[in-house]
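Before any comments, here is the structure.
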Amino acid sequence: MKITKALPLAALASLSLVLAGCGGSAPASSAGGIEVPDIPAATEVGESEGEVNIIAWAGFVEDGSTNPDADWVTEFEKETQCKVNRKVGATSDEMVQLMRTGEYDLVSASGDASLRLIAGGDVAPINTDLIPNFGHIVDGLKGQIYDTLNGKSYGVPIGRGANVLMYNTEAVPEAPDSWAATWDPSSEYAGKIMAYDSPIFIADAAVYLMATQPDLGITNPYALDQDQLAAAVELLKSQNKIAGEYWNDALKAVSSISSGTASLGTGWQVIVNIAQADGGKVESVLPKEGATGWSDTWMLSSKSKNPNCAYQWMDWASSAEVNAKISQNFGMAPANALACEGSKENEEHCATYHATDEDYYKQVWMWTTPVEQCVDGRTDVTCTNYQEWTKAWTEVKG
């Protein structure tokens, strides 16, 4: 599972990006100055090929076999004659590698994977006119730099969520309003702090530095030059000394925060919800410094053998009814605004995840793959890319 985005990034969609080190064939120059492979979008949806192969996070593509109450695959297969073959992805890195095999038609990509897939020529632009339900996607999820380049959409939004500060109320009786307790070397919660285990977590350190060390000049946590990355790494190494655990398994995080093994740390709202449902004394806040977050999108393989079934799936999964089921099953804000209507359950779910609250998400920097061309608009420096972040994360954890 993975998994954010920042609304200010939309204004940078015309920025020329050099997505170095992402692999794939030599890029072709495109109209907006962004160098990405020139791959055409579909012009129509033809007859079903009979199947569609999807890599997705657990909970996104369900046929009732895991939970009889979660099934939106069976009806799709009946209506379209497209058999759904699903592989559950464990990490964004794994999903990227699997998509590069050419064996899969679709992926539910998070922002820490999407630009890598676009730059590598692994995914094709989406003709949103062929997806009627795209019109109901909330405005805050359209046109974002992690899945839209040169005016071309490479993804159909599924949902979004913030990486919140969750805490055990028995260990932390007063609700915190800052990330400080998770970064301060003298934190009273040393040894019981949770952190997310991924190179993209470097952006969380950058968000905190934006608020506490403005002299560093960080204006976007995914646009770090060498000095800014070094400052973030220094902060992360300091946190490493007081962190009790790093997690990338949501259920493990539920257990830790519920039992009090961890007092507080970075988490997802769904982790808090599951913990509470199990009787755990757990709450969450969006701290004053802001936070990172994640947005997932359906992306179509440029080598898809079943593009017609893939397009039918993207529209099906984007309908208000199915998008509501996916978002509630996984634990995120739905992308389709109409998924917040029709029932009390839908309304309550959307309220919990701030689904249509753009003021809330303006405080959330959605995961975006770090690239050498600074996405904050700077042209006088070279920013660090994902490979450098990966190396830095190894040093942090080392």
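Figures for the structure shown
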item: Hits in segment 131-147 - residues which are aliphatic (A, V, I, L, M) and open to solvent by 40 Å² or more (accessible area, probe 1.4 Å); result: none
item: Qualifying residue in segment 294-316 (condition: open to solvent by 10 Å² or more (accessible area, probe 1.4 Å) and farther than 30 Å from G121 by Cβ); result: no
item: Scan of segment 80-123 for residues that are open to solvent by less than 10 Å² (accessible area, probe 1.4 Å) and farther than 21 Å from N385 by Cα, ordered by number; result: C82, G89, G102, D105, L106, V107, S108
item: Any hit, segment 263-273, residues being at pLDDT 95 or above and assigned to a loop (DSSP other than H, G, I, E, B); result: yes
item: Residue, farthest from N306 (Cα to Cα), within segment 59-78, restricted to residues that are open to solvent by 40 Å² or more (accessible area, probe 1.4 Å) and touching a helix residue (DSSP H, G or I) at 6+ places or on another chain (Cβ under 8 Å); result: N67
item: Single residue of segment 135-191 satisfying the filter (assigned to a loop (DSSP other than H, G, I, E, B) and acidic (D, E)) that is nearest to S263 (Cα to Cα); result: E170
item: Within segment 279-311, tally of residues that are within 30 Å of G50 (Cβ to Cβ) and either β-branched (V, I, T) or outside any strand (DSSP E or B) (or both); result: 11
item: Of the criteria (1) in a loop (DSSP other than H, G, I, E, B); (2) among the β-branched types (V, I, T); (3) farther than 27 Å from I145 by Cβ, which one I218 fails; result: (3)
item: Where a residue in segment 368-396 is assigned to a helix (DSSP H, G or I) and its partner, wherever it lies, is basic (K, R) and at pLDDT below 95, with Cβ under 8 Å and at least six apart; result: Y386/R116
item: Candidates S304, S319, S327, filtered to the one that is hydroxyl-bearing (S, T, Y) and touching an Asp or Glu at 6+ places or on another chain (Cβ under 7 Å); result: S304
item: Counted residues, segment 317-346 - those being open to solvent by 30 Å² or more (accessible area, probe 1.4 Å) and within 19 Å of T66 (Cβ to Cβ); result: 3
item: Residues located in segment 235-260, provided they are in contact with a Gly (Cβ under 7 Å, 6 or more places away or on another chain) and either assigned to a loop (DSSP other than H, G, I, E, B) or not hydrophobic (A, V, I, L, M, F, W, C) (or both); result: I242, G244, S258
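The values are calculated or read from the model by the stated rules, or taken from the named source; none is laboratory data. This one's a predicted model, so the numbers in the text were calculated from it and none came from an experiment. Neighbour counts are summed over all protein chains in view; Cβ atoms, including those assigned to glycine, are modelled from backbone coordinates with ideal geometry. Note: areas computed on protein heavy atoms with side chains; ligands, DNA, RNA excluded. Shrake-Rupley method; radii C 1.70, N 1.55, O 1.52, S 1.80 Å.
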